[in-house]
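Following: one structure in structure tokens, then a few remarks.
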Amino acid sequence: MEKYAIIGGKPLMGEVEIGGAKNAALPILAAGVMTDDIVVIENVPDVRDTNVLMEAMESIGVKTEKISRHTVRMDSSKITECIIDSDYMKRIRASYYMIGALLGKYKHAEVPLPGGCNIGVRAIDQHIKGFRALGARVEIKNGNIIADATELRGTHIFLDKVSVGATINIMMAATMAVGKTTIENVAKEPHVVDLANFLNSMGANIKGAGTDVIRIKGVEKLHGTEYAIIPDQIEAGTYMVAAAATKGDVLVKNVIPKHLECITAKLLEIGCSVIEYDDSVRVQGNGILTNTQIKTLPYPGFPTDMQPQMTVALGIAAGTSIVTESIFDNRFKYVDELISMGASMKVEGNTAIITGVEKYTGANITAPDLRAGAALVIAALAAEGESTIDDIKYIERGYEDFDSKLRALGGNIERYASEDELRRARLKLVQ
Ligand code: UD1
């Protein structure tokens, strides 16, 4: 029952350090099982999703050791089985990356079927299509995906839909297939490129990641490596928008500004000042924010994982803004919470129509999912008065030290787990 208590209205000021990308760390950890040698991965964010995936890997015999908070040493030489328990899938959807990794190396994987989730249907037909094209037999039995092959063979695959997960899973499986694989219409997200770089550092032969077509020459064996994960584009974007919405001035450090270009462009459009340095960006939320239109798209388009945060900023921007969600079918659940904070918004299908209000007011709200939860925290920090945010377990899936990083920027936020702790947290909040 962990919650945040927040008193808003104070501009965020100062510097924040961004961690490694969660969505790169998950497939990279999974791909680490594809060698019997030692793999050392640096810049792994210490968040629930990565920690649960490591538990899932331990359960099949992988030895994972945290050499430091963000450095993981993996030894997969004694894997005992290729079956992931359904408990892990319930806790972390991305454990389905174990299918591509285990099928690639051991030609067998049994992983529970991921169901829908809070942001809508999340089909995996393209993953299955890719595995089958590589020669695997794939069946769904008792809620599990069972993939099996005597040998995987390189082939030509055209994805019907741009999917990050399918691109990653098929790329992993094809890495150790016999011959050449071409995957067309792939996702180009920075974490797809990061996984390809990681696999190449283990001896894979993957070209074209970051473009529409990935070409893979299968190799027989992968070797150990030491690799550092890229900075988290979405964590960075979240702090950028938090600076904008609270009319603050924040230097977001340890980022790749190129990965943030579409977020930067929208913040400039709504009247913020954004200055790019080599590996940091400074965002100042000057004066009144103004309206804009946003449509979420696969990279390099505006990321769906930044949609709720930007909607929060647009809710207090002058004029009418339109936000269209084109990736997921149920990603506006948080709008009702914002309305309880005084927002003027309505959702029609996959579009939110937002009439900017002067300010939000504090309320007791609940995080519906990871990114929407972070967005509601931003709303509460910008709001007048006190808010509490329930179900922060979702936020903690993907943001390391969210409350303490925000506190370091002057945010009036405390985390508590009981009514007693809330009373103590209230005393700490600057009234
Ligand atoms: C990943 C990210 C998630 C992000 C999303 C889109 C991770 C762990 N998660 O999710 O944070 O919001 O990319 O950038 O990296 N689809 C199909 N068939 C498939 C696969 C997907 O129809 O086989 C559909 C999905 O239902 C969805 C869309 O394609 O509507 C995009 O999904 P996808 O890119 O696969 O997202 P994930 O990899 O699940």
message: Looking at the range 143-179 only, could you name the residues that are within 16 Å of the ligand (Cβ to nearest atom), open to solvent by 10 Å² or more (accessible area, probe 1.4 Å) and touching a Pro at 6+ places or on another chain (Cβ under 6 Å)?
response: VAL162
message: Here's a check for you: in the range 325-351, which residue that is β-branched (Val, Ile, Thr) and not in a strand (DSSP E or B) is least open to solvent (accessible area, probe 1.4 Å)?
response: VAL335
- prompt: Tell me, which residue of the range 112-123 that is open to solvent by 20 Å² or more (accessible area, probe 1.4 Å) and either within 7 Å of the ligand (Cβ to nearest atom) or more than 17 Å from the chain's Cα centre (by Cα) (or both) is modelled with the lowest pLDDT?
  reply: GLY115
Test: CYS272 is hydrophobic (A, V, I, L, M, F, W, C) and within 16 Å of the ligand (Cβ to nearest atom): no
- request: Kindly indicate which of SER86, SER95 is under 22 Å from ARG137 (Cα atoms), open to solvent by less than 30 Å² (accessible area, probe 1.4 Å) and of a type in the set (Ser, Thr, Tyr).
  value: SER95
message: Cβ-Cβ distance below 6 Å, separation of 6 or more or different chains: which pairs start in the range 301-326 with a residue that is over 18 Å from SER340 (Cβ atoms) and end on one that is part of a helix (DSSP H, G or I) and among the charged types (D, E, K, R)?
response: ASP305/ARG371
query: Is there any pair with a first residue in the range 90-107 that is more than 16 Å from ALA204 (Cα to Cα) and a second that is hydroxyl-bearing (Ser, Thr, Tyr) and open to solvent by less than 20 Å² (accessible area, probe 1.4 Å) whose Cβ atoms are under 8 Å apart and which are 6 or more apart or on different chains, and what are they?
result: none
- line: Selection over the range 330-346 where residues are within 15 Å of the ligand (Cβ to nearest atom) and touching a residue at least 40 places away in the same chain (Cβ under 8 Å) yields a count of 4
message: Can you find a residue that is of a type outside the set (Gly, Ala, Ser) and within 16 Å of the ligand (Cβ to nearest atom) anywhere in the range 249-259?
response: yes
- prompt: Can you find a residue in the range 131-138 that is in contact (Cβ under 8 Å) with a residue 12 or more places away in the chain, surrounded by fewer than 24 Cβ atoms within 10 Å (Cβ to Cβ) and among the aromatic types (Phe, Trp, Tyr)?
  reply: no
message: Can you pull out every residue in the range 1-21 that is out of contact with any His (no Cβ under 8 Å at 6 or more places or on another chain) and open to solvent by 10 Å² or more (accessible area, probe 1.4 Å)?
response: MET1, GLU2, LYS3, ILE7, GLY8, GLY9, LYS10, PRO11, MET13, GLY14, GLU15, GLU17
One residue from ILE327, ILE316 being aliphatic (A, V, I, L, M) and within 16 Å of the ligand (Cβ to nearest atom): ILE327
message: Restricting to the range 352-366, and then to whatever is over 27 Å from the mean Cα position of the chain (by Cα) and more than 13 Å from ALA383 (Cα to Cα), can you tell me which residue is least open to solvent (accessible area, probe 1.4 Å)?
response: GLY356
- request: Just one of (1) in contact with a helix residue (DSSP H, G or I) (Cβ under 9 Å, 6 or more places away or on another chain); (2) without any contact (Cβ under 8 Å) to a residue 24 or more places away in the chain trips up GLY61, so point out which.
  value: (1)
- prompt: If you check ALA379, ALA318, which single one turns out to be touching a Leu at 6+ places or on another chain (Cβ under 8 Å), open to solvent by 10 Å² or more (accessible area, probe 1.4 Å) and modelled with pLDDT of 95 or more?
  reply: ALA318
message: Suppose the filter is closer than 28 Å to GLY19 by Cβ and not aliphatic (A, V, I, L, M); does ASP160 pass it?
response: no
statement: Of the residues in the range 1-44 that are of a type in the set (Asp, Glu) and outside any strand (DSSP E or B), the one that is nearest to the ligand (Cβ to nearest atom) is GLU2
message: Testing LEU103 on (1) in contact with an Asp or Glu (Cβ under 9 Å, 6 or more places away or on another chain); (2) farther than 22 Å from ALA166 by Cβ; (3) open to solvent by less than 10 Å² (accessible area, probe 1.4 Å), one condition comes back false. Which one is that?
response: (2)
query: Of the residues that sit in the range 229-255 and are surrounded by fewer than 24 Cβ atoms within 10 Å (Cβ to Cβ) and touching a strand residue (DSSP E or B) at 6+ places or on another chain (Cβ under 6 Å), which one is nearest to ASN200 (Cα to Cα)?
result: ASN254
query: Can you name the condition, by its number, that ASP194 falls short on among (1) under 24 Å from the mean Cα position of the chain (by Cα); (2) charged (D, E, K, R); (3) surrounded by fewer than 21 Cβ atoms within 10 Å (Cβ to Cβ)?
result: (3)
query: Right, LYS10: charged (D, E, K, R) and farther than 25 Å from ILE395 by Cβ or not?
result: no
- line: Of those in the range 265-314 that are open to solvent by 40 Å² or more (accessible area, probe 1.4 Å) and more than 29 Å from GLY210 (Cβ to Cβ), the residue nearest to the chain's Cα centre (by Cα) is GLN284
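The values are calculated or read from the model by the stated rules, or taken from the named source; none is laboratory data. Computed from a predicted model, the values in this text were never measured in an experiment. FYI the Cβ positions are ideal-geometry reconstructions off the backbone, even for glycines, and counts take in every protein chain you see. Calculation scope for accessible area: heavy atoms of the full protein, side chains included, ligands and nucleic acids excluded. Shrake-Rupley method; radii C 1.70, N 1.55, O 1.52, S 1.80 Å.
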